[in-house]
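Asker: This structure is in structure tokens; I'll ask about it shortly.
Computed from the coordinates by the stated procedures, all read-outs in this text should not be read as laboratory data. Remember, it's a predicted structure, so these values are computed and weren't measured experimentally. Heads up, the Cβs are rebuilt from the backbone with ideal geometry, glycines too, and the neighbour counts pull from every protein chain shown.
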Amino acid sequence: NAGVTQTPKFQVLKTGQSMTLQCAQDMNHNSMYWYRQDPGMGLRLIYYSASEGTTDKGEVPNGYNVSRLNKREFSLRLESAAPSQTSVYFCASSEGRGGANVLTFGAGSRLTVL
Amino acid sequence: GNSVTQMEGPVTLSEEAFLTINCTYTATGYPSLFWYVQYPGEGLQLLLKATKADDKGSNKGFEATYRKETTSFHLEKGSVQVSDSAVYFCALSAKWDFGNEKLTFGTGTRLTIIP
């Protein structure tokens, strides 16, 4: 019963370093998402992928890139990390394609940029 | 655009107290409405949902009714337990491109139940 698996759970970076957050789901879901969670701001959508082979920007895409490697995997890359990107990042997936969209979330990745 | 406004926390209650967490929304069309819960150190998980006006979602003793006339989806529970301590998020789902739907979340309400 893995669901959505994110790695790493914790990461500390220095300003300007790069890193990739990995996400995989085993539910055969079509859609995948990356959110960031900041105090007092709820969850904000960074990027999403409605289906394999497509990706689109969400509310706060600047400073990030994504890759939908296959149906299972959706990675988030920070090319040059900034302190403003200190946050908790959540990957999620859903069946997609017009259903009442119930998301399944990973446990989160806490990123600190010094 | 779409938005969700929920009552600010933190909310602290005694065990067995009655809980209400208010949520109102702005959306075009007919969104689906959700409550998600986040327990400490975990990701969000669906608590309940309602897909059309006057629907009532319920789960684990929690209830919320989709009120189109007041654009609200308030979360209620008659008798809270310590294990209900968590952060609660109201969310709506409205269609974006190609018939898919994405969620818009409120800012979350932290609930603490004391024995």
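Asker: Over the Cα atoms of chain A, what Rg and Dmax result, in angstrom?
Answerer: According to the Cα coordinates of chain A, Rg and Dmax are 13.3, 41 Å.
Asker: In addition: Among A:V88, A:V102, A:V66, which one shows the biggest mean-square fluctuation in a GNM of chain A, springs joining Cα atoms closer than 10 Å?
Answerer: Comparing A:V88, A:V102, A:V66 in a Gaussian network model of chain A, the most mobile one is A:V102.
Asker: Arrange the following residues from fewest to most other Cβ atoms within 10 Å of their Cβ: B:K77, B:K102, A:K57, A:K71.
Answerer: Ordered from fewest to most neighbouring Cβ atoms within 10 Å, B:K77, B:K102, A:K57, A:K71 come out as A:K57, A:K71, B:K77, B:K102.
Asker: Remind me, relative contact order of chain A in percent, using alpha carbon pairs under 8 angstrom and six or more residues apart?
Answerer: Once divided by the residue count of chain A, the mean separation gives 36 percent.
Asker: With θ taken as phi - 60° and the coefficients 6.51, -1.76 and 1.60, list the Karplus ³J(HN,Hα) couplings across segment B:13-24 in order, rounded to whole Hz; mark glycine and proline as x.
Answerer: Once θ is set to phi - 60°, the couplings for segment B:13-24 become 10, 7, 3, 6, 6, 8, 10, 9, 10, 7, 8, 10 Hz.
Asker: Continuing with the same structure: Looking at segment A:1-81, which GluC sites (Glu not before Pro) are DSSP coil and have at most 12 other C-beta atoms within 10 Å of their C-beta?
Answerer: Sparse-neighbourhood loop GluC sites (Glu not before Pro): A:E79.
Asker: Over the protein assembly as shown, what is the percentage of antiparallel beta bridges among all DSSP beta bridges, to the nearest 5?
Answerer: The antiparallel fraction comes to roughly 90 percent.
Asker: Which entries of B:K49/B:K102; A:K71/B:K49; B:K68/B:K102 have Cα-Cα distances beyond 24 Å here?
Answerer: Result: A:K71/B:K49 exceed 24 Å.
Asker: Let me ask another. What order do you get for B:E8, A:E95 when you list them from fewest to most C-beta neighbours inside 10 Å?
Answerer: B:E8, A:E95
Asker: Please compute the Cα-Cα pair-distance distribution of chain B with 5 Å bins starting at 0, giving whole percents from short to long.
Answerer: The calculated distribution, bin by bin, is 2, 12, 23, 25, 18, 11, 5, 2, 1, 0.
Asker: Would you list, by chain and number, the aspartates and glutamates whose Cα falls below 14 Å from the Cα of A:K9, excluding same-chain residues fewer than 8 positions away?
Answerer: Reachable aspartates and glutamates: B:E42.
Asker: To continue, here is another question. Note the full-extension length gain between A:E59 and A:R44 as 0.36 nm times their separation in residues minus their Cα-Cα distance, in nm to one decimal.
Answerer: Separation in residues times 0.36 nm, less the Cα-Cα distance, equals 4.8 nm.
Asker: Then there's this: Which one, A:G16, A:Y47, A:G3, is farthest towards the positive end of the dipole of chain A when Lys and Arg carry +1 and Asp and Glu -1 on their Cβ?
Answerer: Going by the Cα projections, it comes out as A:G16.
Asker: While we're on this one: Please give the average number of partner chain Cβ atoms lying within 10 Å of the Cβ of each residue in A:39-45, rounded to a whole number.
Answerer: 5
Asker: Output ³J(HN,Hα) for segment B:71-77: one whole-Hz value per residue in order, computed from phi by the Karplus curve 6.51 cos²θ - 1.76 cosθ + 1.60 with θ = phi - 60°, and x for Gly and Pro.
Answerer: 6, 9, 8, 6, 8, 9, 8
Asker: Leaving out same-chain residues fewer than 8 places away, which aspartates and glutamates sit with a Cα under 20 Å from that of B:K77?
Answerer: Once the sequence-local aspartates and glutamates are set aside, what remains near B:K77 is B:E8, B:E15, B:E16, B:D54, B:D55, B:E63.
Asker: Identify, among B:G9, B:L44, B:Q81, the residue whose Cα sits farthest towards the positive end of the charge dipole of chain B, taking +1 on the Cβ of Lys and Arg and -1 on the Cβ of Asp and Glu, with the dipole about the Cα centre.
Answerer: B:L44
Asker: Grab the other residues whose beta carbon is less than 14 angstrom from that of B:G9, score K and R as +1, D and E as -1, and report the net.
Answerer: -1
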